[in-house]
1. Would you confirm whether or not the range 119-126 contains a residue that is at pLDDT 95 or above and either of a type outside the set (Ser, Thr, Tyr) or in contact with a helix residue (DSSP H, G or I) (Cβ under 9 Å, 6 or more places away or on another chain) (or both)?
2. Testing TYR198 on (1) in a strand (DSSP E or B); (2) over 18 Å from SER68 (Cα atoms), one condition comes back false. Which one is that?
3. Find the residue count for the range 96-125, including only residues that are over 19 Å from the mean Cα position of the chain (by Cα), surrounded by 15 or more Cβ atoms within 10 Å (Cβ to Cβ) and within 20 Å of LEU176 (Cα to Cα).
4. Which of the residues spanning the range 26-41 are surrounded by fewer than 19 Cβ atoms within 10 Å (Cβ to Cβ) and part of a helix (DSSP H, G or I)?
5. Out of the residues in the range 1-25 meeting the condition of being touching a Leu at 6+ places or on another chain (Cβ under 7 Å) and within 20 Å of ASP94 (Cβ to Cβ), tell me which one is surrounded by the most Cβ atoms within 10 Å (Cβ to Cβ).
6. Please specify each residue of the range 22-50 satisfying the condition of being over 16 Å from the mean Cα position of the chain (by Cα) and within 21 Å of ALA184 (Cβ to Cβ).
7. Which condition number in (1) modelled with pLDDT under 95; (2) in a helix (DSSP H, G or I) is the one that LEU157 fails?
8. Being in contact with a strand residue (DSSP E or B) (Cβ under 6 Å, 6 or more places away or on another chain) and not in a helix (DSSP H, G or I) is the filter; apply it to the range 1-25 and report the residue that is farthest from ASN174 (Cα to Cα).
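The values are calculated or read from the model by the stated rules, or taken from the named source; none is laboratory data. Since the model is a prediction, treat every value here as computed from it, not as a measurement. Cβ coordinates were reconstructed from backbone atoms using ideal geometry, including for glycine residues, and neighbour counts include every protein chain displayed.
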Amino acid sequence: MTTLPDSIAAKIAAQPGVQRVPTPKAVLFQRKRFVAPDLAEELMTLIDAGRRPSTIADDNGDPVFRTSETCDLSAELPAVQKIEALLADLSGIDPAFGEPLQGQRYAEGQEFKPHTDYFAPGGRDFAKFCTLSGNRTWTFMIYLNDVAAGGATRFKLLDKTFQPETGKLLCWNNRLPDGGINPATLHHGMKVRKGVKYVITKWYREKPWRG
């Protein structure tokens, strides 16, 4: 079944151009030039048109923990449908398990401090976000542009840092082999020092999406 983590990782690893990041602590891949520049430009235009302040679950009281902007991207948009098709072909994950595609925009000085994409069991908002569709499993994040300075994604516990490059994909399993959450997937959307950073993100769940 393609919903099992091991088979998803195997399918991704077998795709042309995919590199598995060397670490025993997490299943993490990258692929450069996954999205063509013209499609990336189209998505950045959509993000600019629909952006709003980003939010976080389980607010920790830090007003500058996440200072980026977010855009909810309609599944009816041709550019979104192209991305969804690319991701489905890459991973083999049933699209029914996917959250709607989301875009993020980081202006100079904006960041998303170290966080995990899964919802912490026992957290204040865990039941709110996970009762219907379960927790997040895989994350797929695509940089849409080069950034003049800053804006890297840092996985501190893996000692890995990735610089924004137009069309580059990062994807990782938020779980351990036994199905539990993997704290080593903690990552930091570091401050943009010069320019603007655009990314799109796709999250998948344990059960079909019922958001």
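1. First pass over the range 119-126, keeping only residues at pLDDT 95 or above: none.
Looking through the range 119-126, none of the residues is at pLDDT 95 or above and either of a type outside the set (Ser, Thr, Tyr) or in contact with a helix residue (DSSP H, G or I) (Cβ under 9 Å, 6 or more places away or on another chain) (or both).
2. It is condition (2) that TYR198 fails.
3. 0
4. The answer is PRO37, ASP38, LEU39, GLU41.
5. ILE12
6. PRO22, THR23, PRO24, LYS25
7. If we test LEU157 against (1) modelled with pLDDT under 95; (2) in a helix (DSSP H, G or I), just (1) comes out false.
8. Selected residue: GLY17.
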